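Student: Please see the structure below; I have some questions.
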Amino acid sequence: MTVSLTIRRPDDWHLHLRDGAVLRAVLPESTRHFARAIIMPNLVPPVVTAADAGAYRDRILSALPDGAAFEPLMTLYLTEDTDPDDVAAAHASGLVRAVKLYPAGATTNSASGVRDFDKVRPVLERMAEIGLPLCVHGEVTDAEIDIFDREAVFIDRVLDPLRRATPDLHVVMEHITTAQGVQYAQSAEAGLGATITTHHLVINRNHILVGGIRPHYYCLPVAKREEHRLALRAAATGGDSRFFLGTDSAPHVDPLKETACGCAGCFTATNTLSILAHVFEEEAALDRLEGFTSLHGPAFYGLPANTDRITLTRTDTPVVFPAKIDSGDGAITVFDPGYPVFWQAP
Ligand code: DOR
Ligand code: ZN
């Protein structure tokens, strides 16, 4: 049995850090293991301009724990008023690594997102020209579409037409949750990647709803049927470089989760690597963990892989994680995979 595993230091290609007290509380949970992360811009108000992104990056850097070497890779929140020149300047200066597309109303703080995709055509054309990737929250928001079908419908109605109209645009399908998402990512020749979260490799929709409603398993896109979880596991552990880790670790304080209308998000930064090692071991794919966490993402984004390494150790007794992180603004519950994990990350 493998007792330790040394891999290049991972990166997180989709992370919510928030701001203020929550930022300070959750940042060490990511910097402990990850060298870089694509930082989501859905703050209130959102990170829309280069100036917003620069100011947010400064706040993240000043919240870093002592001695942490962590590079926040900033994104801009795409609105129908986004200025292509501002985006191009933010990219040219190295400040911004991607632009995030939220269909308006799809998820947390997405009200300023896109309703009419034609209105963002000029920005997308410019991004294709300069090689700046678009990170996509891939769910339609039409009231008549069942929430469990929203990803598959988005691929057909929005994503595929968008990619055909702008074939040179590099696109990341964020946090895919369906077999259709896996197949679509596999069908593309180049310029399309897909992130997969830790929690979608662990839970299906039963975890949210059977035996009582479990708000800490509620996220968006919502977890689907078991067959979809299995398709995601095959994609993540299969060695295909189009798939890479984006945890979508999304902290909300407990009162905002444990309520009549709770927020979407699973907070997984603390135990993501331990859980991933468990999943990859179950799939007899520990040798492919490094690709998923540390190699495929940088290759897609045109960045070098990290040169330092971390060692995961298999322990005899389950690793103990805190059940909650205290933020000062309230407790944030750490994702519970529902089983013991024996892989300790440093
Ligand atoms: O579960 C989610 N939480 N999905 C998202 O798309 C947004 C995120 C958040 O910001 O809380
Ligand atoms: Zn997210």
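The values are calculated or read from the model by the stated rules, or taken from the named source; none is laboratory data. Just so you know, these numbers come straight off a predicted model, no measurement behind them. Please note: Cβ atoms are built from the backbone with ideal geometry, for glycine as well, and neighbour counts cover all protein chains shown. These area figures cover heavy atoms from the full protein model, side chains too; ligands, DNA and RNA do not enter into them. Shrake-Rupley method; radii C 1.70, N 1.55, O 1.52, S 1.80 Å.
Student: Relative to the longest principal axis of the chain, what angle (0 to 90°, nearest 10) does the C-alpha long axis of helix 121-130 take?
Tutor: Around 70 degrees separate the two axes.
Student: Just to confirm the filter: which GluC sites (Glu not before Pro) across segment 100-171 are DSSP coil and have at most 11 other Cβ within 10 angstrom of their Cβ? Walk me through the numbers on the way to the answer.
Tutor: Values: sites: 125, 129, 139, 144, 151; in loops: 139, 144.
Here the sparse-neighbourhood loop sites are 144.
Student: At q = 0.20, 0.25 Å⁻¹, what log₁₀ I(q)/I(0) does segment 145-231 have when each alpha carbon counts as one equal point scatterer in the Debye sum?
Tutor: Treating every Cα as an identical point scatterer, log10 I(q)/I(0) equals -0.92, -1.27.
Student: Between helix 50-62 and the chain, what is the angle of the helix's C-alpha long axis to the longest principal axis, kept within 0 to 90° and rounded to the nearest 10?
Tutor: 20 degrees
Student: Right, next: Where does each of 73-83, 310-320, 153-163 land if you order them by average Cβ count within 10 Å, highest first? Present the calculation step by step, with values, prior to reporting the outcome.
Tutor: Working: 73-83: 20.4, 310-320: 14.0, 153-163: 17.5.
Top of the packing list down: 73-83, 153-163, 310-320.
Student: Among 67, 239, 328, which one moves the most in a GNM of the chain with springs linking Cα atoms closer than 10 Å?
Tutor: In the Gaussian network model the winner is 67.
Student: Can I ask one more? Tell me, Kirkwood radius of segment 1-155 from alpha-carbon pair distances, in Å?
Tutor: Details: mean 1/r = 0.0597 Å⁻¹.
So the Kirkwood estimate lands at 16.7 Å.
Student: Okay, moving on. Report, to the nearest 10°, how far helix 226-237 tilts away from the longest principal axis of the Cα atoms in the chain, using its own Cα long axis and a range of 0 to 90°.
Tutor: Once rounded, one gets 90 degrees.
Student: How about residue 224: which lysines have a C-alpha closer than 21 Å to its C-alpha, ignoring those fewer than 8 places off in the same chain?
Tutor: Within the straight-line limit of under 21 Å, residue 224 reaches these lysines: 257.
Student: Then there's this: Translational D (Stokes-Einstein, µm²/s) of segment 4-344 at 37 °C and 0.692 mPa s when Rh comes from the Kirkwood sum over C-alpha pairs? Don't skip to the answer; put the middle values down first.
Tutor: Working: Rh = 20.0 Å.
Using the Kirkwood radius from Cα pairs, D works out to 164 µm²/s.
Student: Leaving out ligands and nucleic acids, and using a 1.4 Å probe, what accessible area per residue does the chain come to in Å²? Walk me through the numbers on the way to the answer.
Tutor: On the way: 13740 Å² over 346 residues.
Using a 1.4 Å probe on heavy atoms only, each residue of the chain averages 40 Å².
Student: Which lysines have a Cα lying under 26 Å from the Cα of residue 119, excluding residues fewer than 8 positions away in the same chain?
Tutor: Those lysines meeting the cut-off are 100.
Student: At 1.4 Å probe size, with the rest of the protein present, what percent of the exposed accessible area of the chain is carbon and sulfur atoms? Each step should come with its number before you reach the end.
Tutor: Values: 6960 of 13740 Å².
Looking at the chain in its full context, I get 51 percent from C and S.
Student: So, in Å, what gap is there between the alpha-carbon centers of segment 261-286 and segment 321-335?
Tutor: For segment 261-286 versus segment 321-335, the Cα centre distance is 17 Å.
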